[in-house]
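Derivation of every value follows stated rules applied to the coordinates shown; laboratory data play no part. This structure is a prediction, so every number in the text was calculated from the model and none was measured. Don't worry about glycine lacking a Cβ; one is built from the backbone with ideal geometry, like all the others, and counts go over all protein chains shown.
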Amino acid sequence: MSNPPQIEQLIERVERLLVRHEELQRTNALLAAQVDALTSERDSLKSRLSAARARVDALLERLPEAVGADSNKNTA
């Protein structure tokens, strides 16, 4: 008579494990989507940072020319 309760316990345990497995699969899918979104955002920010650096570098390259041109005007 101890067999039916053990089988029922195993069935309940397996059902709980299956529910937990499904929950973990959903959680994993949500986390994977979040990783994708954050990766995309990071790549976008890196691109914007690179563009901003290029603009700053271009402005810095122009500074000595502008300062040199202004000092030539003042001495003439």
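In order along segment 35-48, phi translates into HN-Hα couplings of 4, 4, 5, 5, 5, 5, 5, 4, 4, 5, 5, 4, 5, 5 Hz, rounded to whole numbers, per the Karplus curve 6.51 cos²θ - 1.76 cosθ + 1.60 with θ = phi - 60° and x for Gly and Pro. The residues packed around Val56, meaning those with a beta-carbon under 15 Å from its beta-carbon, carry a net charge of +2 if Lys and Arg are +1 and Asp and Glu are -1. Taking a Cβ cut-off of under 12 Å around Arg42, the surrounding Lys, Arg, Asp and Glu residues balance to a net charge of -1, with basic ones at +1 and acidic ones at -1.
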